[in-house]
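K.L.:
Dropping a structure here in structure tokens format, bear with me for questions.
The values are calculated or read from the model by the stated rules, or taken from the named source; none is laboratory data. Bear in mind that the values here come from a model prediction, so they are computed numbers and not experimental data. Cβ placement follows ideal geometry from the backbone for every residue including glycine, while neighbour counts extend to all protein chains displayed. SASA here: full protein model, heavy atoms, side chains in, ligands and nucleic acids out. Shrake-Rupley method; radii C 1.70, N 1.55, O 1.52, S 1.80 Å.
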Amino acid sequence: MKFNSIGFANQIQQAIDACGYTKMTPVQEKSIALVRKGRDLLVNAQTGTGKTAAFALPLLQRMLDKPTDNSFGHPRTLILTPTRELAEQLATIINQYAQFLDFNIIATYGGVKCSGQAAKLNAGVDVLISTPGRLIEHLNLNNVTLSEVEFLVLDEADRMLDMGFITDVSKIIHKTNPKRQTLLFSATMTPALNELSHQVLSNHQEIRTSKKVNSTADTVEHVIYPVDEERKISLFMDLLHQYNWFQVLVFTSTKRQADALLETLKKKKVKAALVHGDKSQGSRRRALADFKSAKLQVLVSTEIAARGLDIEGLDFVVNYNLPFLAEDYVHRIGRTGRAGNSGQAISFVSPEEEKAVSRIERIIGTKIKRVFRRGYEVSQRTRFIKNASKKPKPQFSSFKKFKGKSKGKKPSTKKR
Ligand code: AMP
């Protein structure tokens, strides 16, 4: 369905044109009309599906349709999101959508001083985007009041729960107008999320943007390279060299692995940078900007950057390690195959990580293709260690069973 067929106000349609969007993505097709009708929604959609426009465009339209005499400049729309990167990114995108409108759109998040944000809030805000913790600080300092919030969006709600924001989120929601419209977006659906949805949504409609819950974009090709843990750096360098991957985002599980990989990349004169929790906000922002503007070939990241990075045209995401939670696989590779572009999610899997593969396959609903690269075969030694760490088989009882069945042969050593 085309955007220009659904009657957005000229100022919004102009912004859509300026962004170069013509056709709606599936989540937009399913959500926009319902949001405009004022319905509460629970949307199962991951980053990269166009979900920001799915809520922001119709909410801007609703704000235009229902002008208020909000002379104190209190926010009418509140968007809660888990990380500062996401908050900044949402502010950038929504400012684009509202570029021909007279709305103040502000993002507040931790890691920077409150005072600068307080001054902006005092000057009046129509759309407030915030991380929960920082918003609580502003509320405690009376920098903002939420009683005029008519439209509430919980973006990446599952992640907010994972990060332990539930108490803050509940406190914040209680301060908004009880008659508000609420939209809850989540890449994964968990029992905790279901419970939250029942607490905050009213007579809501559920929207799923793909056949399977927790699924990844259809345009992503998933590939696994079985490899020993200690050979992963060498495999990465080989593949990078052979395929000349450009703008590749690599996720490691630990900072130590991220540091080691970055050191090797630098030694080989590959332009690369790192984002992880110990880096300052400034250095993370610089690394992201350099990566987005194609000054870097590789961006190495720990889990922190997994959510919400809006990096367009990303063809490759490499899981240097598989994430601990299968759901995080879905979030990590949400960076690729975005808005219909194709992408590859490449995972390096050591024998110790094999168990995680089946969990991931279950959650994405497909078997992942395995590529066995010559020279990187999983060593016998690792297999041996892996088998040795398994529980010993109950030899005695199998022998007894064997005895009862036939004579003369040794008991089978086959796995049962
Ligand atoms: P999101 O899922 O909101 O993070 O959006 C992912 C990317 O898709 C962003 O770069 C958007 O600018 C882009 N996008 C959103 N909607 C459309 C659309 N209808 N057509 C083309 N690109 C879009």
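K.L.:
Look at ARG62 and say whether it is farther than 25 Å from ALA87 by Cβ, in contact with a strand residue (DSSP E or B) (Cβ under 7 Å, 6 or more places away or on another chain) and more than 9 Å from the ligand (Cβ to nearest atom). Please lay out each step first, then the result.
P.N.:
Values: farther than 25 Å from ALA87 by Cβ: no; in contact with a strand residue (DSSP E or B) (Cβ under 7 Å, 6 or more places away or on another chain): yes; more than 9 Å from the ligand (Cβ to nearest atom): yes.
No.
K.L.:
Which number in (1) surrounded by fewer than 16 Cβ atoms within 10 Å (Cβ to Cβ); (2) at pLDDT 85 or above marks the one condition that LYS390 misses?
P.N.:
Result: LYS390 passes all but (2).
K.L.:
Checking THR176 against (1) touching a helix residue (DSSP H, G or I) at 6+ places or on another chain (Cβ under 7 Å); (2) assigned by TED's automatic domain parsing to the domain that holds GLY73, which test does it fail?
P.N.:
(1)
K.L.:
Let me ask you something else. Would it be correct to say that LYS269 is modelled with pLDDT under 90, not in a helix (DSSP H, G or I) and not aliphatic (A, V, I, L, M)? If you could, list the steps in order and put the result at the bottom.
P.N.:
Numbers: modelled with pLDDT under 90: no; not in a helix (DSSP H, G or I): yes; not aliphatic (A, V, I, L, M): yes.
Answer is no for this residue.
K.L.:
I would also like to ask the following. Check the range 57-69 and report whether any residue there is within 17 Å of the chain's Cα centre (by Cα) and assigned by TED's automatic domain parsing to the domain that holds VAL125. Step through it out loud before you land on a result.
P.N.:
Step one: of the range 57-69, the residues within 17 Å of the chain's Cα centre (by Cα) are none.
No; the residues of the range 57-69 include none that is within 17 Å of the chain's Cα centre (by Cα) and assigned by TED's automatic domain parsing to the domain that holds VAL125.
K.L.:
Does at least one position in the range 72-85 carry a residue that is out of contact with any Gly (no Cβ under 6 Å at 6 or more places or on another chain), more than 30 Å from LYS292 (Cα to Cα) and either within 11 Å of the ligand (Cβ to nearest atom) or in a helix (DSSP H, G or I) (or both)?
P.N.:
no
K.L.:
Determine which single condition GLY133 fails, assuming it passes every other condition in (1) surrounded by fewer than 23 Cβ atoms within 10 Å (Cβ to Cβ); (2) touching a residue at least 40 places away in the same chain (Cβ under 8 Å); (3) under 24 Å from THR188 (Cα atoms).
P.N.:
Of everything listed in (1) surrounded by fewer than 23 Cβ atoms within 10 Å (Cβ to Cβ); (2) touching a residue at least 40 places away in the same chain (Cβ under 8 Å); (3) under 24 Å from THR188 (Cα atoms), GLY133 misses just condition (2).
K.L.:
Checking ILE311 against (1) surrounded by fewer than 22 Cβ atoms within 10 Å (Cβ to Cβ); (2) closer than 19 Å to ILE364 by Cβ; (3) modelled with pLDDT under 75; (4) not charged (D, E, K, R), which test does it fail?
P.N.:
(2)
K.L.:
I would also like to ask the following. Of ALA98, ALA53, ALA91, ALA45, which residue is closer than 16 Å to SER186 by Cα and touching a strand residue (DSSP E or B) at 6+ places or on another chain (Cβ under 7 Å)?
P.N.:
On the way: ALA98 fails: closer than 16 Å to SER186 by Cα; ALA53 fails: touching a strand residue (DSSP E or B) at 6+ places or on another chain (Cβ under 7 Å); ALA91 fails: closer than 16 Å to SER186 by Cα.
The unique qualifying residue is ALA45.
K.L.:
Of the residues that sit in the range 26-41 and are free of Cβ contacts under 8 Å to residues at least 60 places away in the same chain and away from the ligand (no atom under 15 Å from the Cβ), which one is surrounded by the most Cβ atoms within 10 Å (Cβ to Cβ)?
P.N.:
Quick first cut of the range 26-41, residues free of Cβ contacts under 8 Å to residues at least 60 places away in the same chain only: 28-29, 32-33, 36-37.
Now narrow it down to the ones that are away from the ligand (no atom under 15 Å from the Cβ): 36-37.
Values: ARG36: 17, LYS37: 11.
Filtering first and then ranking leaves ARG36.
K.L.:
Hey, can you tell me all the residues within the range 112-153 that are part of a helix (DSSP H, G or I), out of contact with any Cys (no Cβ under 7 Å at 6 or more places or on another chain), closer than 28 Å to ASP328 by Cβ and of a type outside the set (Gly, Ala, Ser)?
P.N.:
Result: PRO132, ARG134, LEU135, ILE136.
K.L.:
Which condition does LEU184 not pass, out of (1) buried (at least 20 other Cβ atoms within 10 Å of the Cβ); (2) outside any strand (DSSP E or B); (3) in contact with a His (Cβ under 9 Å, 6 or more places away or on another chain), if it passes all the others?
P.N.:
If we test LEU184 against (1) buried (at least 20 other Cβ atoms within 10 Å of the Cβ); (2) outside any strand (DSSP E or B); (3) in contact with a His (Cβ under 9 Å, 6 or more places away or on another chain), just (2) comes out false.
K.L.:
Within the range 92-105, count every residue that is surrounded by fewer than 21 Cβ atoms within 10 Å (Cβ to Cβ) and either outside the structural domain of ALA53 (by TED's automatic domain parsing) or aliphatic (A, V, I, L, M) (or both). Talk me through it step by step, then tell me what you get.
P.N.:
So in the range 92-105, the residues surrounded by fewer than 21 Cβ atoms within 10 Å (Cβ to Cβ) come out as 92-93, 95-96, 99-104.
Subsequent filtering for residues that are either outside the structural domain of ALA53 (by TED's automatic domain parsing) or aliphatic (A, V, I, L, M) (or both) retains 93, 101.
Selection size over the range 92-105: 2.
K.L.:
For the range 1-33, how many residues meet the condition of being closer than 30 Å to TYR329 by Cα and part of a helix (DSSP H, G or I)?
P.N.:
Here the count works out to 8.
K.L.:
Is there a residue in the range 42-59 that is away from the ligand (no atom under 14 Å from the Cβ) and open to solvent by less than 10 Å² (accessible area, probe 1.4 Å)?
P.N.:
Within the range 42-59, the subset away from the ligand (no atom under 14 Å from the Cβ) is 42.
Within this subset, residues satisfying the condition of being open to solvent by less than 10 Å² (accessible area, probe 1.4 Å) are 42.
Within the range 42-59, one or more residues are away from the ligand (no atom under 14 Å from the Cβ) and open to solvent by less than 10 Å² (accessible area, probe 1.4 Å).
K.L.:
Now a separate question. Restricting attention to the range 11-25, and to residues there that are touching a residue at least 24 places away in the same chain (Cβ under 8 Å) and more than 10 Å from the ligand (Cβ to nearest atom), which single residue is most open to solvent (accessible area, probe 1.4 Å)? Quick ask: steps written out before the conclusion?
P.N.:
Start the filter on the range 11-25 by keeping residues that are touching a residue at least 24 places away in the same chain (Cβ under 8 Å), which leaves 11-12, 14-16, 18-19, 21, 24-25.
Imposing the further condition that a residue be more than 10 Å from the ligand (Cβ to nearest atom) reduces the set to 11-12, 14-15, 18.
On the way: GLN11: 66, ILE12: 0, GLN14: 94, ALA15: 0, ALA18: 66 Å².
Filtering first and then ranking leaves GLN14.
K.L.:
Any residue at all in the range 332-349 that's modelled with pLDDT of 85 or more and of a type outside the set (A, V, I, L, M)? Working first, answer last.
P.N.:
Filtering the range 332-349 for residues modelled with pLDDT of 85 or more gives 345-349.
If we keep only those that are of a type outside the set (A, V, I, L, M) as well, we get 347-348.
Yes, because at least one residue in the range 332-349 is modelled with pLDDT of 85 or more and of a type outside the set (A, V, I, L, M).
K.L.:
Can I ask one more? Is there a residue in the range 154-172 that is in a loop (DSSP other than H, G, I, E, B), touching a residue at least 24 places away in the same chain (Cβ under 8 Å) and open to solvent by less than 10 Å² (accessible area, probe 1.4 Å)? Show your work before the answer.
P.N.:
From the range 154-172, those in a loop (DSSP other than H, G, I, E, B) are 155-156, 163-165; that's our starting set.
Filter once more, keeping what is touching a residue at least 24 places away in the same chain (Cβ under 8 Å): 155-156, 163, 165.
Add one more test, that the residue is open to solvent by less than 10 Å² (accessible area, probe 1.4 Å), and what stays is 155-156.
Among the residues of the range 154-172, at least one is in a loop (DSSP other than H, G, I, E, B), touching a residue at least 24 places away in the same chain (Cβ under 8 Å) and open to solvent by less than 10 Å² (accessible area, probe 1.4 Å), which makes the answer yes.
K.L.:
Do we find a residue being under 30 Å from GLY20 (Cα atoms), modelled with pLDDT of 95 or more and buried (at least 19 other Cβ atoms within 10 Å of the Cβ) anywhere in the range 140-150? If you could, list the steps in order and put the result at the bottom.
P.N.:
The first filter runs over the range 140-150 and keeps only residues under 30 Å from GLY20 (Cα atoms), leaving 150.
Subset that is modelled with pLDDT of 95 or more: 150.
If we keep only those that are buried (at least 19 other Cβ atoms within 10 Å of the Cβ) as well, we get 150.
Checking the range 140-150: at least one residue is under 30 Å from GLY20 (Cα atoms), modelled with pLDDT of 95 or more and buried (at least 19 other Cβ atoms within 10 Å of the Cβ).
K.L.:
Counting only residues that are over 16 Å from MET163 (Cα atoms) and of a type outside the set (Val, Ile, Thr), how many does the range 187-203 have?
P.N.:
First, pick out the residues of the range 187-203 that are over 16 Å from MET163 (Cα atoms): 194-195, 197-203.
Among the residues that remain, those that are also of a type outside the set (Val, Ile, Thr) are: 194-195, 197-199, 201-203.
Summing the residues that are over 16 Å from MET163 (Cα atoms) and of a type outside the set (Val, Ile, Thr) in the range 187-203 gives 8.
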